[in-house]
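Trainee: Here you go, one structure.
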Amino acid sequence: MTDVDEQAEGKPASRTRAHLFTALRYIALAVVIGFAVAFFAERWTQITDVISRIPVWGVVASFVVMLLGMVANVLSWVTILNGLGHVVPLPRGSQIMLVGQLGKYVPGSVWGYVMQMELGRQYGIARARVLVTTLYAAGIGVVASLILGVSVIPSVAADQPALAWLYLLLPIGLVCLHPRVMTWLSNLTLKVFRRPPLEHRVRYGTIAVAMGWSLLSYVLYGVHLHLLVGEVLPWSFITILMLGGAISLGFTASLFAPILPSGAGIRELVLILVMLAVSVPDAYAQAASLLSRAMFTAGDLLLAGAAVILVLVMRRSLRARDTASNEYAQLGDWHSADEPPTGPHPAKD
């Protein structure tokens with residue numbers, strides 16, 4: 001049997017495995033949705049009653065504050081991106097991050113990364129740099145969430161011992177934030193993908209600024225959640241930090257459920273557990289978790305659309321910056337090792 005025959009036989013097998021994994025992801029998603037629907041259906045009368053009590057101004061204010069938190073998260077991502085190479089204009093970086101991350105709503109953990117890398121390459125930024133930026137941002141976000149969530153981990157772990165492993169992530173995450181460790185990990189990742197190592201080592205200042213934006217985003221998320229349950233939970237800075245920690249831990253826990261789109265179900269579970277721990281009534285906790293999820297989904301779509309519109313308005317000046325970059329060609333960031341680099345492609349808006 002020739003090598004060509006062996007490859008021909010291998011391709012159907014690999015396609016079968018890919019289809020099987022895709023089917024399993026959608027089955028898992030259907031199961032989660034089924035349990036969630038059953039859970040909330042039993043309590044729907046109480047939940048709708050609670051939602052009707054939340055003042056309109058509270059919902060609007062909560063949504064606006066959440067959007068500010070999402071903007072802070074974008075600034076954290078763009079800070080890392082610009083710390084790894086030439087400066088990318090904020091509108092372009094926001095477009096790559098916000099539009100690309102919509103892939104997280106597709107079952108599977110990689111689609112958001114793939115979309116961001118392809119958008120980055122379209123505008124002259126190496127796929128490797130975008131991938132490392134996203135991985136760094138996820139790592140910094142995890143550490144920020146654990147710093148903010150230290151006070152709520154005991155409450156969550158008491159009701160759900162399976163989440164006690166969150167204790168172990170903080171010291172590991174702090175070690176991984178060291179520039180040398182982060183650079184080594186990123187180069188190891190690039191080696192796995194057969195890409196050359198980074199030309200720019202991440203610096204302390206970049207990590208500190210990105211961490212600051214990430215912490216601010218979670219604090220704003222805490223205010224967002226408090227505005228939804230303010231009728232039954234007294235206002236205090238500690239409570240805001242705890243609720244921000246709840247959302248941040250929900251994001252962190254959902255990273256470890258890659259088959260679920262945007263961590264569906266995992267984040268809500270953590271939110272409900274923490275709100276119950278700070279004496280939020282059960283119906284309020286469930287209603288707030290549902291409203292928060294709906295707001296985050298709407299916010300993702302709204303900000304992605306706003307970024308695209310801003311880029312279209314500024315397309316002439318941004319196109320000049322895009323075509324001036326041949327970064328992906330310099331880094332060997334092309335589809336195949338046998339395909340020579342072609343230089344920067346004109347950006348398409």
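Trainee: Go through (1) modelled with pLDDT under 75; (2) assigned by TED's automatic domain parsing to the domain that holds Gln95; (3) under 29 Å from Val87 (Cα atoms) for Pro261 and report which single condition fails.
Mentor: Condition (3) is where Pro261 drops out.
Trainee: Name the single residue, out of those in the range 203-252 being free of Cβ contacts under 8 Å to residues at least 40 places away in the same chain and of a type in the set (Ser, Thr, Tyr), that is nearest to Leu276 (Cα to Cα).
Mentor: Ranking the candidates gives Thr239 first.
Trainee: Right, Leu303: under 18 Å from the mean Cα position of the chain (by Cα), closer than 19 Å to Gln95 by Cα and at pLDDT 55 or above or not? If you could, list the steps in order and put the result at the bottom.
Mentor: Numbers: under 18 Å from the mean Cα position of the chain (by Cα): yes; closer than 19 Å to Gln95 by Cα: yes; at pLDDT 55 or above: yes.
The answer is yes for Leu303.
Trainee: Moving on. Quick check on this structure: which one of Leu81, Leu169, Leu98 is part of a helix (DSSP H, G or I) and either at pLDDT below 85 or more than 18 Å from the chain's Cα centre (by Cα) (or both)?
Mentor: Values: Leu81 fails: either at pLDDT below 85 or more than 18 Å from the chain's Cα centre (by Cα) (or both); Leu98 fails: either at pLDDT below 85 or more than 18 Å from the chain's Cα centre (by Cα) (or both).
None of the others qualify; the one that does is Leu169.
Trainee: Shifting gears a bit: Can we say Ser155 is among the polar types (S, T, N, Q) and either modelled with pLDDT under 80 or more than 18 Å from the chain's Cα centre (by Cα) (or both)? Spell out the reasoning first.
Mentor: Details: among the polar types (S, T, N, Q): yes; either modelled with pLDDT under 80 or more than 18 Å from the chain's Cα centre (by Cα) (or both): yes.
In short, yes.
The values are calculated or read from the model by the stated rules, or taken from the named source; none is laboratory data. All values derive from a computational prediction rather than experimental measurement. So basically every Cβ, Gly included, is an ideal-geometry build from the backbone, and we count neighbours across all protein chains shown.
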